[in-house]
Amino acid sequence: MIKLVLYFFLVLLCYSCATSHTHYSPYKKYPKEQLQEDYSLLRNILEKKHPSLYWYCSKDSMDMYFDKYYQSIGDSMTEQQFGWKVIAPLTEKIRCGHTSFGMSRAYNKWVRNRRFPQLPLYMKFWNDSMVLTANLNRKDTVLKKGILISSVNGLHYSELTQKMFGYMTKDGNADNVNYIRLSNNFPYYHRNLFGVSSHYKIGYLDAAGKEQFIQVPLYSAPKDSSKKTLPPKARVKQKKESRGQRLLAVRSLSIDTTTSTATLTVNNFTNGWLRKFFRRSFKTIDRFGVQNLVIDLRSNGGGRINLSTLLTRYITRTPFRVADSSFAKVKSLHPYSRYIKNGFWNDLGLMFLTHKKSDGNYHYGLWERKLYTPKPAHHYSGAVYVLTNGSTFSAAALMCNTLKGQPGILLVGEETGGGWYGNNGIMIPDITLPNTRLRVRLPLFRLVQYQHVQKDGRGIVPDLIIKPNYRALMNNVDKKMEVVNQLISNNKKVKE
């Protein structure tokens, strides 16, 4: 009888989940009152629990922004409208790369594998240029890869980027990460911020450097009729390959014995069995007697500090600490714990991991006190080149700060997106707003880097700066790796 009752409730639960998913509509408009309720709750949580709400924006200015976006809720809105038009610009004003908004889980399920009409142009963005990298309209004989785009729908490059950056989070003033975000998926951001048009007026520079204009139609992807059901054996094989591909997407090691160079790519400090991977990699590097090590952190958005610290220990020349200070503003998430993911467990963490000091903050003393020493086994002491760019963030930026200036270690590339002075994180649960179910990330700790630098909002500046290069872009050349290989070759010639 008990089994029957359990079975009944299990079926009922599955049915209710399926029903709720089926009935989800992204076009549903939420009443103004519900949106205001969500917004007011978010404001209360940020004001009471965020450790650095006024780090780069004064309280008076932040209060003004809170009021401004509250007043912008003049009518009912869809989840998408509320997220992008209200929550996104609000969170950007905090200038914390870890305080960002996300759509509801139901929306993410609904949007999965769907294709939307969009602007068909993909572009590479940097400080003063946007270059066409791909055009989904293959019949277009004018807008080809490499053309310099000057404007979109009347917005010049500088106006366009400034406006879009107003909806995209960053650490302090480190905009490099947002140039990369736009370069990776400009149509996605343009659609969400400006909507879609039947045609887009595109300004571009012709061969003579003169500005011309062309109308580009909205692109709708054709239906994919090529998908076929794979036989069971093929599906199993494909699954095994995809797992291997997932691991390679996180980390990899390659060794060039002709130049005695190892390239270690680490794209996050979260998953990928990194402890075992680091141990095996440096054992292999030691066995081959590698003289040059390239560590590629250009796609590393961070993750667990203990994993970035572990990698640092394999190459650091000196003992180091992670933080000058790391602290939370509060001891508990009460009375908002029910709106915050794993609120109970985060409350326990705040309670048992922190200690109140004379400054009134609750310090996570581990990162302040612990002195990390170089790894005794398979420590690497040869030449190290660390590749960075705007996507080098959070725990990856902590690693760069520790290594910068050490003998035999060179940071190469672009300014990191992670703040040099410090950032917020360690524990970063989601706030889920009760009506729209939109999510906003809430970092619970402020971490100030151990090596003091001026709090100017910049990322970590590499020792050798290599900016995006038009020739390299057109020829699919990794300019940063090319420069490093040249440095290694020159050093080898000097030694010979």
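The values are calculated or read from the model by the stated rules, or taken from the named source; none is laboratory data. Remember, predicted model here, so these are calculated numbers, not experimental data. Counting neighbours? That spans all protein chains shown, and the Cβs are built from the backbone with ideal geometry, glycine included.
Table: residues versus (1) in contact with a strand residue (DSSP E or B) (Cβ under 9 Å, 6 or more places away or on another chain); (2) basic (K, R); (3) at pLDDT 95 or above.
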| site | (1), (2), (3) |
| --- | --- |
| R105 | yes, yes, yes |
| S129 | yes, no, no |
| T141 | no, no, no |
| G166 | no, no, yes |
| D171 | yes, no, yes |
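Here the condition is being within 21 Å of the chain's Cα centre (by Cα) and of a type in the set (G, A, S); of G390, G349, it holds for G390 alone. Scanning segment 110-151 for residues that are touching a residue at least 12 places away in the same chain (Cβ under 8 Å), closer than 30 Å to H23 by Cβ and not basic (K, R) turns up W110, V111, F116, P117, Q118.
So is T91 of a type in the set (S, T, Y) and either farther than 30 Å from A396 by Cα or assigned to a loop (DSSP other than H, G, I, E, B) (or both) or not? When the stated conditions are applied, T91 does not pass them.
The condition of being at pLDDT below 95 and surrounded by 11 or more Cβ atoms within 10 Å (Cβ to Cβ) holds for only one of N176, N153, that being N176. Restricting attention to segment 400-437, the residues that are of a type in the set (S, T, Y) and in a strand (DSSP E or B) total 1. On the stretch given as segment 442-473, residues that are among the β-branched types (V, I, T) and more than 30 Å from L148 (Cα to Cα) total 2.
Among the residues of segment 413-436, some residue qualifies, meaning at least one is closer than 14 Å to V386 by Cα, in contact with a strand residue (DSSP E or B) (Cβ under 6 Å, 6 or more places away or on another chain), crowded, with 18+ Cβ neighbours inside 10 Å and among the hydroxyl-bearing types (S, T, Y). Of the listed requirements (1) over 28 Å from M427 (Cα atoms); (2) of a type in the set (V, I, T); (3) at pLDDT 95 or above, T91 misses just one: (1). Counting only strands (runs of 3 or more DSSP E) that sit completely within segment 110-220, those holding 3 or more residues that are under 27 Å from R298 (Cβ atoms) correspond to 121-126, 129-135. Taking T373 as the residue in question, decide whether it is farther than 19 Å from N178 by Cβ and in the same structural domain as R338 (by TED's automatic domain parsing). Considered against the rule, which asks whether it is farther than 19 Å from N178 by Cβ and in the same structural domain as R338 (by TED's automatic domain parsing), T373 comes out as yes. Here are D256, D286, D296: which of them is at pLDDT 95 or above, closer than 30 Å to R181 by Cα and of a type in the set (D, E, K, R)? One residue alone meets the criteria, D296. Just to be sure before I move on: is V330 at pLDDT 95 or above, assigned by TED's automatic domain parsing to the domain that holds G272, within 30 Å of L438 (Cβ to Cβ) and β-branched (V, I, T) in the structure I sent? Answer is yes for this residue.
Being in contact with a strand residue (DSSP E or B) (Cβ under 7 Å, 6 or more places away or on another chain) and either of a type in the set (D, E) or within 30 Å of Y65 (Cα to Cα) (or both): is that true of N153 here?
Considered against the rule, which asks whether it is in contact with a strand residue (DSSP E or B) (Cβ under 7 Å, 6 or more places away or on another chain) and either of a type in the set (D, E) or within 30 Å of Y65 (Cα to Cα) (or both), N153 comes out as yes.
To keep it simple, each residue is scored yes or no on (1) at pLDDT 95 or above; (2) more than 22 Å from the chain's Cα centre (by Cα); (3) closer than 30 Å to L46 by Cβ; (4) among the acidic types (D, E).
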{"residue": "A397", "(1), (2), (3), (4)": "yes, no, yes, no"}
{"residue": "D430", "(1), (2), (3), (4)": "yes, no, yes, yes"}
{"residue": "L444", "(1), (2), (3), (4)": "yes, no, yes, no"}
{"residue": "Q449", "(1), (2), (3), (4)": "no, no, yes, no"}
{"residue": "Q454", "(1), (2), (3), (4)": "no, yes, yes, no"}
{"residue": "G459", "(1), (2), (3), (4)": "yes, no, yes, no"}
{"residue": "P462", "(1), (2), (3), (4)": "yes, no, no, no"}
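Residues that are exposed (fewer than 13 other Cβ atoms within 10 Å of the Cβ) and in contact (Cβ under 8 Å) with a residue 60 or more places away in the chain within segment 459-473 comprise just one, K467.
When segment 438-496 is filtered for residues that are in a strand (DSSP E or B), more than 27 Å from T91 (Cβ to Cβ) and of a type in the set (D, E, K, R), nothing remains. Of all positions in segment 58-67, none carries a residue that is in contact with a Pro (Cβ under 7 Å, 6 or more places away or on another chain) and under 29 Å from G301 (Cβ atoms). A single entry from Q162, Q215 fulfils the requirement of being within 30 Å of W420 (Cα to Cα), without any contact (Cβ under 8 Å) to a residue 60 or more places away in the chain and surrounded by fewer than 16 Cβ atoms within 10 Å (Cβ to Cβ): Q162. Looking only at segment 54-83, how many residues end up being in a helix (DSSP H, G or I) and either touching a Cys at 6+ places or on another chain (Cβ under 9 Å) or not assigned by TED's automatic domain parsing to the domain that holds Q36 (or both)? Of the residues in segment 54-83, 1 are in a helix (DSSP H, G or I) and either touching a Cys at 6+ places or on another chain (Cβ under 9 Å) or not assigned by TED's automatic domain parsing to the domain that holds Q36 (or both).
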